[in-house]
Amino acid sequence: MIFHAPEEPLEIPAVALTPFLMENAERSGDKPALIDAPSGRTLTYRAWAESVRNAAAGLSRRGLRKGDVFAIYSPNLPEYAIAFHAVSLLGGIVTTINPAYTATELSRQLADARARYLLTTPAFLNNAMQAARENSLRDVFVFGDSFDALLASDGDVPDVAIDPGNDVVALPYSSGTTGLPKGVMLTHRNLVANVLQCASVFGVGEEATVLAVLPFFHIYGMVVIMNLGLREGATIVTMPRFDLKECLQTLEKYRITYAYIVPPIMLALAKSPIVDDFDLSALRVLFSGAAPLSEHIARAASARLRCAITQGYGMTETSPATHATRRGETKGIGQPLPNTEAKIVSVTTGSELGPDQEGEICVRGPQVMKGYLNNPDATAAMIDGDGWLHTGDIGSADESGCFFVVDRVKELIKYKGMQIAPAELEAVLLAHPAIADAAVVPLADEEAGQVPKAFVVLKDESTAEDIMTYVADRVARYKRVRYVEVIDQIPRSPSGKILRRVLVERDRAQ
């Protein structure tokens, strides 16, 4: 059985992303588009549009051409939206990179994406330059320095022909359902479609003041916060990182009405005693995504803050949103978004299932990615011949088409909404001279959702602390292994695949 949205299908225009978002910029004029929360620095809609054109003109003079990959390695700040859309306007491709990445992780993504340009901030310049030396980059730009020089250009942007349905505009990285991070090719049409799909259901309008504490490098922040907010004429208040007290100060100071968050932040809003020290009366909606949200926590936060709670579901490969609860609903992950088909299929046979039967969630729609960069096998494993994307999540749907996620086929660990690929951590562990074999699994954590736990087989003496330090020195902070257990043997299938479920069940039994 195939489920659809309760709303009528939308018309998805065949337009490039940035001109589509700029349509309302002149009308919004001097209204604040983006505000930097720590400093109060404000970018109006008119200034944003002018700066995008100026930066595009400057980048064109520096050699950026259609199809070139431009990497952004930075926390949130208003100028992020200038850089992203300047590249987009020229037909370039933006690969967004987690600023928590080490120089090695940064270099790996630059190489895989074949990036030609890199933009960063002064705080991350050392890592950026180290990675740049290991890759053939044409230019490295810095916010507040060389990037600002681009804004002095005259705004004379070359006319670039863009095929919305084929040309890639964004290249975020995702591990999909398993394995190492892969470049997700998202076209102009993918992002235009998802902006319209979200706009039709989420209820964000020009009167909204939106919290942007979730990172723009992540597909959630990139599309659902930055691009949707710009399209709808909202005011977006950016924060470079999450700190509960600073977040609460921002909610109060800027009278935030619509806050996009993840379950760990929802938990803090529901339970932390310091929340009562702030005036959050302007808040109208808390929208949770990126990881499963407990209905108990959702109700507690809603009652405490006297605001509506909604939840969305999706993944990087779907630009990202495919499902959402409608305003005031709290059942599961909600119904499909307009123009989205969704179904449940048997994990063993692949056959379609009916209401209230558990199986894998599959989706099809205009937001489904073009594919993985240079990885047709992984693309074929994710998207079948009929265009159905297999999410790797186990769930069910009721008669009304409301979907529920009950388990994961996928092996990814979700730490505060961020993806951690066990295979990546296992590769680091296996490079340790004392480790003969290793496996990494998720361990439930009330605050973070999940944290990585490593099971290791030792060939020489080593302590758990030594192993955790070894990993911590080589990966971004959020990927660090939190627990280590020494075992005699890693359980594997006859084909050699790690049986992670056996380790998870062992851990639960203990």
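The helices (runs of 4 or more DSSP H) found entirely in the range 120-231 that carry 1 or more residues being in the same structural domain as H85 (by TED's automatic domain parsing) and among the aromatic types (F, W, Y) are 146-150, 188-202.
Would you mention how many residues in the range 259-298 are among the charged types (D, E, K, R), modelled with pLDDT under 90 and either over 25 Å from the mean Cα position of the chain (by Cα) or closer than 17 Å to E246 by Cβ (or both)? Count: 1.
Identify, from the list A444, A378, the residue that is of a type outside the set (K, R) and touching a Gly at 6+ places or on another chain (Cβ under 7 Å). Result of the check over A444, A378: A378. On the stretch given as the range 243-266, residues that are touching a strand residue (DSSP E or B) at 6+ places or on another chain (Cβ under 9 Å) and either closer than 18 Å to F216 by Cα or buried (at least 16 other Cβ atoms within 10 Å of the Cβ) (or both) total 15. Can you name every residue in the range 460-482 that is outside any helix (DSSP H, G or I), surrounded by 14 or more Cβ atoms within 10 Å (Cβ to Cβ) and of a type outside the set (A, V, I, L, M)? Selection gives S462, R474, R480, R482.
Note on the range 57-78: residues that are in a helix (DSSP H, G or I) and crowded, with 24+ Cβ neighbours inside 10 Å amount to 1.
Considered as a group, the residues in the range 1-55 that are among the charged types (D, E, K, R) and in a helix (DSSP H, G or I) include one that is surrounded by the most Cβ atoms within 10 Å (Cβ to Cβ), and that residue is R53. Checking each residue of the range 435-449 against the condition of being under 25 Å from L214 (Cα atoms), in the same structural domain as L267 (by TED's automatic domain parsing) and assigned to a strand (DSSP E or B) gives no match. Looking across the range 302-330, the residues that are surrounded by fewer than 24 Cβ atoms within 10 Å (Cβ to Cβ) and within 21 Å of D276 (Cβ to Cβ) come down to S302, A303, R304, L305, R306, C307, A308. Only residues that are free of Cβ contacts under 8 Å to residues at least 12 places away in the same chain and closer than 28 Å to G395 by Cα were counted in the range 259-296, giving 1.
Residue selection: V457 satisfies the criterion of being over 28 Å from N98 (Cβ atoms) and either in contact with a Lys or Arg (Cβ under 7 Å, 6 or more places away or on another chain) or assigned to a strand (DSSP E or B) (or both). Residue-level analysis places V451 among those that are within 19 Å of the chain's Cα centre (by Cα) and at negative phi.
Within the span defined as the range 124-141, one or more residues are within 26 Å of L214 (Cα to Cα), surrounded by fewer than 19 Cβ atoms within 10 Å (Cβ to Cβ), of a type outside the set (A, V, I, L, M) and at pLDDT 95 or above.
The values are calculated or read from the model by the stated rules, or taken from the named source; none is laboratory data. What you see is a predicted model, and the numbers here were worked out from it, not measured in a lab. Because the Cβ atoms are built from the backbone with ideal geometry, glycine has one as well, and the counts that use them run over all protein chains shown.
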